[in-house]
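Read-outs throughout are calculated quantities, based only on the coordinates presented, and are distinct from any laboratory measurement. Being a predicted model, the structure only gives us computed values, none of them experimental. Note: ideal-geometry Cβ built from the backbone for every residue, glycine included; neighbour counts use all protein chains shown.
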Amino acid sequence: MRQTRTVELGTGLFALLGIGALFFLVTQTTGGDDFNASEVYEVEARFQNVGSLKARAPVAMAGVTIGRVTNIEFDPIMLDAVVTMVIDEAYDQIPEDSDASILTAGLLGSQYIGLQAGGSDIYLEEGSEILFTQSAIVLENLIGKFLVNAGGSDSED
Amino acid sequence: MLRDLYITLRYFVTTFGAMTIFLFELLRHTPRVFFKRFNLVVGQVYNAGALSLVIIMVSGLFVGGVLGLQGYDNLQRFNAEDAVGTFAGFALVKELGPVITALLFAGRAGTALASEIGLMKATDQLSAMEMMAVNPVTRVVVPRFIGGVIAMPLLAGVFSAVGLLGAHLVGVTLLQVDVGAFWQQMQQTLEVKDVVEGIFKSFVFGMIASLMAVWEGYNAIPTAEGVGRATTRTVVITAIAVLISDFMITAAFLKG
C-alpha cells in the first residue's frame, strides 16, 4: 500500500510537472497575436506590388495593431494585387480616404500594412476599398536604382 | 557475396515486418489495458517518466546553457545577441527537446525496459504467466509501452522548459542580454505550430523508443548474454530510428 502511494504521488507530480511545462511552452514562448477582436469588418486595398507581405500580417495605424491581413490575391484583369484585411469593429471611424502603405518592421523585419489617416467625414465600413495605396519598397529595386544613378554620375564627370 | 546480401536483406525485411505486426498487436490491446489495468500503466509512467526526471532536467539545463553561450558568441558577430532567445527557443522546442529527450529516454528507461522483459523471459516468468492463462503481452509488455508513450511528450516538455531556463540564466543573467528582448523576440518568432511540432515529434519518438525497448526485450535470447545484447541493441536502434524519423518529420512540417 505504501509502495503504491509513493508511485501514485510520484506519477502525479511528474504528470503535473510535464503538463505544466507544455503549458508554459505553449503560452510563454509563443507570441500569439496582439490582435484578437471578435467583431471585425473587412476592407480591400489594391497594390501594384505587395512585396513579401503575407496573410496574417498586422494592419497598424499610428503603430498600433488594429487589424490583420486575411487574404492576398492577384487580379488577372487589373493586373494588381488585391489585399483583403479585417479591422477591429471598435475602430469604425477611420476616414475613407486614408492611405494604406506596405511598410517593413525594422530594416529586415516582416512587412505590415500601415494606415495613414485621411480627412474625410465618411468612414471605412464593411466592404469598402482603400483607394490610396503605396506599394512595398523592394530592396532589390532600390539597389538597382542606386547603381544606375551612381553609374550615371560617374559618366558625367 | 550476393547471397549474403540477399540473406541480410531478407532478414532485415522479415524483422521489420515482425516488428510492425508486434506494434499492431500492442496497439490492439492498448485501449483495453489502458482502461482495465490502469494501475499497471500508472506504475510504468512512474518508472519511465518520473524516475527519468532528474537526468532530463539536469541535461536540459546544461543544453540550454550551452545554447545560450554558443548563440551569444556567434550572434554578437552580427550585433544580434538579442536574438539568442529566439535561437534557443527554436532549437529547444523543435529539435533538441524531443531528440535529446528520446536519446536519454532510450538510455535511461529503454534499457531498463528491455533488460527487465528480457530477464523475465530468461527466468521463464513469461512462460509461467502463459501457463496460468495470463497473456504476458497484455500483462507485461503493453503497460510498459503505454507508459513510455505517455511519459515521453511530458519529459520533452520538461526538457525544453528547463532548457529555456538554462538559456535565460546564461544569456540574461550571465551575459547581460536584455531580458525583454530575450523573451519578446522569442515570442514574436515562435508560433503555436512550432510547439505542436515538438510535441508531435516527442509523441512519435515515444512510440519508437518504447516499441524498440519492449520488442528487443520480448525477443531477447533468454540467456545472460542475450539480454545484454538486447539492451545494447535497444539503445543503438532507438537512436538511429529516432534520428531518421526526426529528419522525415522535420521535412514534412517544413513543406506543410
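So here's what we get for this one:
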quantity: Verdict on A:Met78 being away from chain B (no Cβ under 14 Å) and surrounded by 12 or more Cβ atoms within 10 Å (Cβ to Cβ); calculated: no
quantity: Residue selected from the range A:81-108 under the condition polar (S, T, N, Q) and in a loop (DSSP other than H, G, I, E, B), by the criterion surrounded by the most Cβ atoms within 10 Å (Cβ to Cβ); calculated: A:Ser98
quantity: Residue satisfying all of: in the range B:161-195; more than 9 Å from every other protein chain (Cβ to nearest Cβ), hydrophobic (A, V, I, L, M, F, W, C) and assigned to a loop (DSSP other than H, G, I, E, B); surrounded by the most Cβ atoms within 10 Å (Cβ to Cβ) among these; calculated: B:Val177
quantity: Residue count, the range A:109-144 (criterion: over 17 Å from A:Val50 (Cβ atoms), small (Gly, Ala, Ser) and loosely packed, with under 13 Cβ neighbours inside 10 Å); calculated: 4
quantity: Evaluation of B:Arg10 against (1) without any contact (Cβ under 8 Å) to a residue 24 or more places away in the chain; (2) of a type in the set (Lys, Arg); (3) touching a helix residue (DSSP H, G or I) at 6+ places or on another chain (Cβ under 6 Å) (one fails), failing number; calculated: (3)
quantity: Number of the condition not met by A:Ser52 [criteria: (1) within 20 Å of A:Ser135 (Cα to Cα); (2) out of contact with any Leu (no Cβ under 7 Å at 6 or more places or on another chain); (3) crowded, with 16+ Cβ neighbours inside 10 Å; (4) touching a residue at least 40 places away in the same chain (Cβ under 8 Å)]; calculated: (3)
quantity: Residue match in the range B:79-88 (condition: on the phi < 0 side of the Ramachandran plot and away from every other protein chain (no Cβ under 14 Å)); calculated: yes
quantity: B:Ala156 free of Cβ contacts under 8 Å to residues at least 12 places away in the same chain and either within 14 Å of another protein chain (Cβ to nearest Cβ) or part of a loop (DSSP other than H, G, I, E, B) (or both); calculated: no
quantity: Selection count, the range B:212-235, where residues are hydrophobic (A, V, I, L, M, F, W, C), surrounded by fewer than 21 Cβ atoms within 10 Å (Cβ to Cβ) and over 18 Å from B:Ala18 (Cβ atoms); calculated: 2
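Conditions tested, residue by residue: (1) in a helix (DSSP H, G or I); (2) more than 14 Å from chain A (Cβ to nearest Cβ); (3) hydroxyl-bearing (Ser, Thr, Tyr).
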{"position": "B:Lys201", "(1), (2), (3)": "yes, no, no"}
{"position": "B:Leu243", "(1), (2), (3)": "yes, yes, no"}
{"position": "B:Thr250", "(1), (2), (3)": "yes, yes, yes"}
{"position": "B:Phe253", "(1), (2), (3)": "yes, yes, no"}
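Residue-wise test of (1) under 20 Å from B:Asp194 (Cα atoms); (2) of a type outside the set (A, V, I, L, M, F, W, C); (3) surrounded by 19 or more Cβ atoms within 10 Å (Cβ to Cβ).
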site	(1), (2), (3)
B:Arg32	no, yes, no
B:Arg37	no, yes, no
B:Val42	no, no, yes
B:Phe87	yes, no, yes
B:Glu95	yes, yes, no
